[in-house]
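Just below is one structure, and these are the notes that go with it.
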Amino acid sequence: MRVPLIAGNWKMNNTIEESLYLAKSLAEFSKSFNKDREILICAPFTALYALKTVLKSSKIKLGAQNMHYEESGAYTGEISPLMLKDIGVDYVLIGHSERRQYFNENDELLNKKLKAALKHGIKPILCVGETLEQREANVEKETVKTQIVKSLCGIDADCFKNIVIAYEPVWAIGTGKTASSDQANEIISYIRNVIKELYDEEISENVIIQYGGSVKGSNAAEIMAKPDIDGALVGGASLKAEEFINIINY
Ligand code: 13P
């Protein structure tokens, strides 16, 4: 039985004060929330420590948006898995399309980050998805398959209970242009098949695969009704408590 994971990715938004304000509203809401789903906030590094203090007595999990693969060293400006562990972070986004696009992160690098997160007990959310050009050229399936195969290279089957995959078509991110629920389900079901080929049926049936890209309160229910979609990775609509709560409650 797959428990849906509703995650907010705040991206480069919110000061510490704004983060705490938003998190307190969500923590308050979560006290009386008893549907079987997991709630997660992926916040900027600067707010993580303060957020942990607010969220630790709530059901809401805490995530980072990126991470270096080394434990320590001369990597100016980077944050290591040990530092995230120290805060008590539960999840980390790996390979968000904005990291791939603006910071040239490639599948080989993401493979190292995935392994580092798993080694340190932080659950990675591996983000995959095609660009508009790739979709127009009908290579969306090949694109996500390559991203998955390369990123998961050398990762054992027994790690899989701690890995989440997020399918986020780049053309649907921040554009207001949601993939239709059928389009999203088609690729997510395809991803499940890729996992089955790489590992086995049990793993492919149990892995949590989210959809991300312009998810809002008004479309969450339709997306979540699809059989292969196990949650949402939400950008803009996670920045307002009321709207994010509508999505969590879909
Ligand atoms: P939007 O929900 O703003 O489209 O962003 C999606 C996303 O990138 C989540 O990681």
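The values are calculated or read from the model by the stated rules, or taken from the named source; none is laboratory data. Since this is a predicted model, take the numbers as computed values, not measurements. As a convention, Cβ positions derive from the backbone with ideal geometry for all residues, glycine included, and neighbour counts pool all protein chains shown.
Assorted remarks:
- For Arg37: the one exception among (1) free of Cβ contacts under 8 Å to residues at least 12 places away in the same chain; (2) closer than 16 Å to Gly231 by Cα: (1)
So that you can scan it fast, the table gives a plain yes or no per residue for (1) assigned to a strand (DSSP E or B); (2) within 16 Å of the ligand (Cβ to nearest atom); (3) in contact with a Phe, Trp or Tyr (Cβ under 9 Å, 6 or more places away or on another chain):
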position: Arg2; (1), (2), (3): no, no, no
position: Lys11; (1), (2), (3): no, yes, no
position: Leu26; (1), (2), (3): no, no, yes
position: Asn34; (1), (2), (3): no, no, no
position: Leu48; (1), (2), (3): no, no, no
position: Ser57; (1), (2), (3): no, no, no
position: Gly63; (1), (2), (3): yes, yes, yes
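- The residue that is nearest to the ligand (Cβ to nearest atom), counting only those in region 153-182 that are modelled with pLDDT under 90 and on the phi > 0 side of the Ramachandran plot, is Gly174.
- Scanning region 56-95 for residues that are of a type in the set (A, V, I, L, M) and either surrounded by fewer than 18 Cβ atoms within 10 Å (Cβ to Cβ) or under 17 Å from Lys119 (Cα atoms) (or both) gives Ala64, Met67, Ala74, Ile79, Leu82, Met83, Leu84, Ile87, Val89, Val92, Leu93, Ile94.
- Some residue of region 219-239 being among the hydroxyl-bearing types (Ser, Thr, Tyr), within 11 Å of the ligand (Cβ to nearest atom) and modelled with pLDDT of 95 or more: yes
- Each residue in region 183-218 was checked for being of a type in the set (Gly, Ala, Ser) and within 10 Å of the ligand (Cβ to nearest atom), and 3 of them qualify.
- Number of positions in region 100-114 that are farther than 16 Å from Ile148 by Cβ and either in contact (Cβ under 8 Å) with a residue 40 or more places away in the chain or part of a helix (DSSP H, G or I) (or both): 2
- Tyr69 outside any strand (DSSP E or B), touching a His at 6+ places or on another chain (Cβ under 7 Å) and hydroxyl-bearing (Ser, Thr, Tyr): no
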